[in-house]
Every structure is written in C-alpha cells, then in structure tokens.
1. Grab the beta carbon distance between residue A:636 and residue A:662, set R0 = 41 Å, and tell me the FRET efficiency rounded to 0.05.
2. Using just the C-alpha positions of the stretch A:380-613 as equal point scatterers, what log10 of I(q)/I(0) does the Debye formula give at each q in 0.14 1/Å?
3. Within a 10 angstrom radius of the beta carbon, how do A:428, A:257, A:138 rank from fewest other beta carbons to most?
4. Can you pull the percent of Cα pairs in the stretch A:277-340 with separation above 15 Å?
5. For peptide A:669-678, what's the mean number of Cβ atoms from other chains within 10 Å of each residue's Cβ?
6. In nm, what is the difference between 0.36 nm times the number of residues separating residue A:203 and residue A:671 and their Cα-Cα distance?
7. What's the center-to-center distance, using Cα atoms, between the stretch A:158-213 and the stretch A:270-293 in Å?
8. Within 10 Å of each residue's Cβ, count the other Cβ atoms and sort A:641, A:382, A:366 from fewest upward.
C-alpha cells in the first residue's frame, strides 16, 4: 500500500484558470453533433451502405483523439473554456438577480477521466455496431447511428459542461437518445413499452435534478462550476433549508439515470434495444452519469453528510437486490443488466461511504468489462438468430467462430466476479475496504453486505459462462432469421467478422489495462493513476479513504477481523468469489442436473419454497409498482376522463353551445316568412306597451 | 319669441291635430297589416310617417317652439329619399316574380 497522497489542497476547486488556449476542445462536443446531423441527412436521403457508420466512427474517433491530446497537456488546475454565450439574464445588482449559463466547458481531471472512456468506448462500440446492425442497412441503419451520435454529443455536454444547465441539457439529451435507441425496433410492442418505461422513470429522476438546479441557484446565486464550488466552501447559504434539500434532489436524479432503488426498473427492460446500445448506453456510459453527478457535486454532498448515508444505503441495497434477481434470470442480456444495476450500486456505496476514488475507478473498470460482456452477448445473439436464453445455448466454446468470443467472455466474467488481480478487484475492494474500515457501524454493515453480494456476483456470472460457453455443444437458434432462404434449412451459426472482433479485442485489452493503476499501486508502490485523476477535481474531498468527511488512511481505520480493512476486503471477497465460482462450476457445469434438483428441493421446502420463483419474477417489484402507482394513476386518469367527457364536455361546454339553439326554437314559430306576421308582431308589441302605459295611467302611476 | 307662435296656444286645435295624427297612424298600421300589395303597404307606411309628423307639429305648437316643425321637415326629406329607394326596390321585386304580392317573398324564414 502506498501512503495515501496527502490531501491535495482544497483550493484545487477554487483556482480556476481560463483555458482559452484549449478552445479546440470544443470540437469534442461539436464532432458528434455534426455526425448526428449528417446521419439524419443520410436517413432522410436514404443513403445506402455503411456511410452513417463510417461518419459516426470517424467523428467519435476524432473526439477521442482530441481528449487524448488534451490529456497529454492537461494543466494542474481546472480550466474553463468559454465557447459562446448561451443563456445570460440579469435583472438587478446582485448575483441573485442574474443567471449566467454560457456555452462553456469546465475541465478538470474528473472530466478527462470520464471523457477518456466515454469517447474511447463510444468509438469502439460504434465500430462494432457497424457490423452488428448490418442487417438493417436498408431500414434503420442511419437512424441508429444518428441516435448514437446524439447520445455521444449529449454525454459530452453532460460531462464537459461548465454549468449545471449544460449538464442538464446533456442529461436530458442522453435520456432522449436512450429512448430513441431502446425503441429502435419500433415495430415490436415490447421495445416500445420499454422505451416509454425508461423515459418516464427517468423523468421522475430528472425532476429531482431540475429542482436541485433551481435550488442551487437560489442558495448560491450561480450554477457555474467555476464559481459554485468556492461559494459552497466559503459562504454559508442564505437558505439553509433549501441547501439541505439540494443533495437529496440531485440524488433522485442520479438514482433515476443510474438505475438505483427505487427507480431501477427501467434498465432491465431497456435490453430490448440493440445490443451495442445496451453496451454503450445502458452499461458503460450513460448509466454512470448519476455517479458522475454526485462526484461532480460532491462539495454540496459534503455539506450534508446525512445525504451521503442515504446514497450509501441505497447503493448497497441495490447491489444486493439486483444480484439476487440476476441469479434467477435466464436471459443472457437481462443477467448482465441486473449485474450492471448491482455494480452501479457498488459505485453509489463507494460515493456514500466517502471514497469517490473507489466509485469513479469502479466506474472506469466496469465500463470496459461490462461493455465486453454485452458485446460478447451481442456476438452470440447475432450469430444465433437472437437466441439469448441460457437454457438453449451450451458449449459455444467449441462452436467454430465463437472461440474468441468465449474466451473474451471468460475474461469479462472473471473481471465482473472481481477475482484477485483483475481490474475490478482493485476498484471494488477500495469501496468495500472503505465501507468495512469505516467508523460508522452502518457503513461496516453495508461493507459486509457488499462482500456477500460479491459472492453472489461471482456465482451468477459464472452460471452464465459455464452454461453458455462451456459444456457439451447444444443450441437452439432464435426467431430472428437474417435470411429467409435459410429459415427452414439447417441452422448454421455464423461467427463474427473483423468489425466485431477488433472492438472486442481492443475493449478486452482496455479491460486488462484498466487494472494497471491498481497493479502499479500494489506492486510498484506508486501513486494510483485513477486516484490522482480524481484527486485533482471537485470530488477531491472524498478521494481519500475518508471517514465522516476527513481524510485518513485505511490502515488507521477500523480493523476488520483483526486485519487492516483493505487486506480483509481483498481476502474475504477473494474467498467469497471463489466459493461463488465453485458453486457455479458444480451445479452448472460438472453436474447440470444438480441445478434442477436443488431448485426442486427448495421449491418443495415450506417457508422458502417461494424464493426461486419470486426471484425469477424480479421479486414482483414491477407488479408492486403497477399496483401502487400505475393502477391508481390509470384509474384516476379514467375517472377524470369520464368527468371531462360526460360532465365538462357534454354538460358544460355543449350545454352552453345548445342554449342559443333552444332559445331560438322557442321563438321560431314567430318567423314564418309572411311579411304581415312580422308586422303584426311589431304592432302587437307596440300595442302591449300602450296597454301597459294606459294601465299605469289609469292606476295613477306616472 | 317667434311671431308665428305669438298666437296663444289654442289647445282645441292641438287636440284635433293629435286626433287626426292618431287616425292617420292607425289607418297606416291597419292598411299595412291587411294589404298584400307592396305598393299599397308602402303607401300605408307613408301614412304612418305623416301621422307621426303631424303629432310632432302639434306638440311643437303645444310647447310654443319650432322643434316639431324642424323634425317634420327632416321626416319629409327622409321619406322622399326612402320613397325613391323603396319604389325602385318594389319595381325590382315585381320584375323578379311578376306580381306585387308580398306573400311570394319568404326565403328568409327560419
């Protein structure tokens, strides 16, 4: 263990330098936007071939190159790059009478850290998709890549934006891209429903982010990061209640985007989208936006330590819940979806217990190995006509064309299971060690829960690998047949070609290299690169293994089982992982019938018999949400619709409309078309007035 | 005071004038209601006018000023103009249907 770097002076967030010299970095933002426009044009003009894919890969690759270029010459302090005026209002003398939101970038090491894997993986996955989506060249190919480009543009705005409004723009933009791409197969009702669900659930979280943004401005008078952090640090807010609310609102936004309890239900359904989308948006990048938001706004969270406790509890519980559901799913992509939720839970646990370094590092490593897992699943799906049920796939390791995919999947599985000396082993154990070494008993409990979850993770991960990739060769093709000619002929799985293989290999290399900072820290006793990156950012206060807000080395923290927390976490998670893999090996490879008999035994045991079925049905969370929220809303909507249709419309509006007509019907007989009858009416009226006058005159009333 | 009005208001002549005006008005209305010939109906409206004009003069006499006679001059002028217009209309209507009866014109009912 290296000694924790001395807490970088906290003015790292206050000394902001104007980075006009780096204004070329604005192209990172502009290139995906241009690509989105061009891809949309391709879609409108029905350009055949793979031109949209080339445009997207080229522009994303250029973005990545720019980020790398910037990384080479990155200044020590955060910089702001003013690109253009955007929103700027002023209606009085003080800061509270003005809103400044220029089109500016705020670049610190956290930004670069995120941009490196967002643009890097974006490029590789777009390349992968160029082959994966080739069956759609005549239909939705350009539309797909337009969606990917919109996503990358929005994600860039989210991560690099210099103020909360730009972040919010990106936040909504990635939500839109996610909606468009989940609903890519818009003829499938399930895909449309999943897209709607993702959009609506995210909307709940987005409301939190929007309100948090408003309150931030109200409390601190600015939403620009360069000003905001120093104000949070220096001046107490003028509205303590509002200030206390901000982290909870941001948290709600983060839980929606990053699929945490209670808003995680959209992510498994989002697997209806094409697999590259699942890999890029719903595993590697977009879902980490919540982690980014909390890391970026960490100074606000540090003001309210109770908020971090909530983050920790939600993260820990989500990790456990999603892992239990993932154990019982049969769809390959769904298992990876639940594991994504579970891993995101770990990241939130890390943020909550005060190690932004662990959380961000885990985001980084997870991005690579989870993209790898999804892309191998995609290769399987592509080759086996959409088959993803692990009961109908076996022994792919021995199927020609799938050997590479199988070994890369094994790498991804090992990394997900966080076996010792994998990348996730370093990142996840940082989180667990911080939790276990905490002064707080509830954080220590969450640490033990995380360790237990690590065991479950190892089990469900290798359940997949032993079922699908190992064992005797056996497969049933799915229903999506690419060629109608071969639909009835004998099915031949086709292995992936270079555009799928190359990104897979590069991402696998990335997954291995993402562990490099951990190796160097462990073996060469040098500073951890990821930690150095996080420490130079707004998340600095939590970069060290801090306990209750003050940085302290884990060695001085709480002892776990008589050991230093870091050592204990490594040892215990290694042992639990080995047990999980061992059980998976035994019941899913060595004796596959054992899995069924164990399940039967459990199902016939009183008291716990319901567990396997309930886990398979996702603990009925969707059903509970349906009964608790959707049904009441649905019923209210119908009651209100009834009121609107039969009372407001039919009664009030139509009634007013009918009144003149009915009044007219009363007087209509008077107007029969004979001229003299009108004259009689007039004369009669005059006569009545005369009678009335005479009557009054006779009675003496004048 | 105007020398024309110097004669003391003789209420008896005013009474006769008012009676005559009421008679003219009533004959006009009765004729308008009972006849179908458009020219006759138009003549009847002229009678109604003259009844009103006569009442104006009578009341002017009663009040000892010239307002009633001024009104009458206006009524006669307007009635002359209106008569020219109305007779032209009647001629046009006659050309359309070859009859002067008002009963054939009822397109605007309901």
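Read-outs: derived from the displayed coordinates by stated rules, not from any lab. Only a predicted model underlies this, so the values are computations on that prediction, with no experimental measurement involved. Positions of Cβ are generated from backbone atoms using ideal geometry, with glycine treated the same way; all protein chains shown enter the neighbour counts.
1. Once the sixth-power term is evaluated, E becomes 0.75.
2. -1.01
3. Details: A:428 32, A:257 29, A:138 9.
By the 10 Å Cβ count, ascending: A:138, A:257, A:428.
4. Values: 1247 of 2016 pairs.
That tail contains 62 percent of the Cα-Cα pairs.
5. 4
6. Full-extension gain reported as 162.4 nm.
7. Computed from Cα coordinates, the inter-centre distance equals 11 Å.
8. The most exposed by this proxy come first: A:641, A:382, A:366.
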